[in-house]
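One structure is given below, encoded as structure tokens.
The values are calculated or read from the model by the stated rules, or taken from the named source; none is laboratory data. Nothing here was measured: the structure is a model prediction, and the numbers come from that model. Neighbour counts are summed over all protein chains in view; Cβ atoms, including those assigned to glycine, are modelled from backbone coordinates with ideal geometry. With ligands, DNA and RNA removed, areas are computed over all heavy atoms of the protein, side chains included. Shrake-Rupley method; radii C 1.70, N 1.55, O 1.52, S 1.80 Å.
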Amino acid sequence: MRYLVLSDIHSNLEAFEAVLEDAGPVDQVWCLGDVVGYGPDPNACVELLRSLPHLCIAGNHDWATLGKLDLRDFNPDAREANLWSREQIAPENLAYLKALPETLVEGAFTLVHGSPRHPIWEYIIYASTAQDNSTYFDTPVCFVGHTHIPVIFCLSNKDGKEACETMPPSLNSPRLMGQERLIINPGSVGQSRDGDPRASYVILDEESLTFEHRRVVYPVERTQAKMMEHNLPLRLVLRLGYGW
Ligand code: ZN
């Protein structure tokens, strides 16, 4: 089985479509949450995802759009975009978001948005946080999103001594899943934050036991023009251009 693992689409239809095309044929899409929020196409993105064979879990922006999180906990731009999403979202898409679980375990893989310890809110940015989370999942691999930064955390246990190493992903080179447990972040489809505006995702190949980080260019200006049309916050429009 070949899987497309992606996260944080954030209502960016152009980026989502570019990723689907670039990924090629896959058996299933695994989406790590935040389908909506920030961008101009919440309904189209939820509907496109629903049309594919897929699994999806909930992210903080999905919950914010549902009214399940207090919007005062978001920064003013994110809050404004979430209020707009709330007005736009169609009842059947809202029902879909409402039914999303917080965690899924699929064979050797755990899927969460933030972290296995706090699936909705915790950011795994540092190796120390990754290591602290190692006892909160039982599978060899855990996929996380939420930070919008593609990264690999390699957890090891040598002579009872636990360690965690941060490894930057090398693009387009399949990496073997070996003895060590991994926390893998595919990066963000719709709003990258590592200075590279391209959409980011991972291809997971169960037969060869490999995963591969990839990036793809999408028509950012088209997404930005739609955001301007809907009067979404300018800072959110501009950040797509420089991937931050
Ligand atoms: Zn996000």
State which residue pairs qualify: first residue at negative phi and inside the range 114-129, second residue open to solvent by 20 Å² or more (accessible area, probe 1.4 Å) and in a loop (DSSP other than H, G, I, E, B) in any location, beta carbons under 7 Å apart, and separation of 6 or more residues or different chains.
Gly114/Trp121; Gly114/Glu122; Gly114/Tyr123; Ser115/Glu122; Pro119/Glu102; Ile120/Glu102
Tally the residues that are more than 16 Å from the ligand (Cβ to nearest atom) and open to solvent by less than 40 Å² (accessible area, probe 1.4 Å), restricting the search to the range 49-81.
1
What are the residues in the range 130-157 that are within 18 Å of the chain's Cα centre (by Cα) and among the β-branched types (Val, Ile, Thr), if any?
Val141, Val144, Thr147, Ile149, Val151, Ile152
Of the residues Asp41, Asp22, only one is within 20 Å of Val220 (Cα to Cα), over 13 Å from the mean Cα position of the chain (by Cα) and open to solvent by 50 Å² or more (accessible area, probe 1.4 Å); which?
Asp22
I'm trying to understand the selection: among the residues of the range 1-12, which are within 16 Å of the ligand (Cβ to nearest atom) and either open to solvent by 30 Å² or more (accessible area, probe 1.4 Å) or hydrophobic (A, V, I, L, M, F, W, C) (or both)?
Val5, Leu6, Ile9
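This table checks each residue for (1) over 29 Å from Gly241 (Cα atoms); (2) among the basic types (Lys, Arg); (3) within 16 Å of the ligand (Cβ to nearest atom).
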site: Pro150; (1), (2), (3): no, no, yes
site: Phe153; (1), (2), (3): no, no, no
site: Asn172; (1), (2), (3): no, no, no
site: Leu182; (1), (2), (3): yes, no, no
site: Asn185; (1), (2), (3): no, no, yes
site: Ala199; (1), (2), (3): no, no, yes
Filtered residue count, the range 115-133, keeping only those that are among the aliphatic types (A, V, I, L, M) and either surrounded by fewer than 19 Cβ atoms within 10 Å (Cβ to Cβ) or in contact with a strand residue (DSSP E or B) (Cβ under 6 Å, 6 or more places away or on another chain) (or both)
3
Taking the condition in contact (Cβ under 8 Å) with a residue 60 or more places away in the chain, surrounded by fewer than 19 Cβ atoms within 10 Å (Cβ to Cβ) and more than 15 Å from the ligand (Cβ to nearest atom), does Asp27 pass?
no
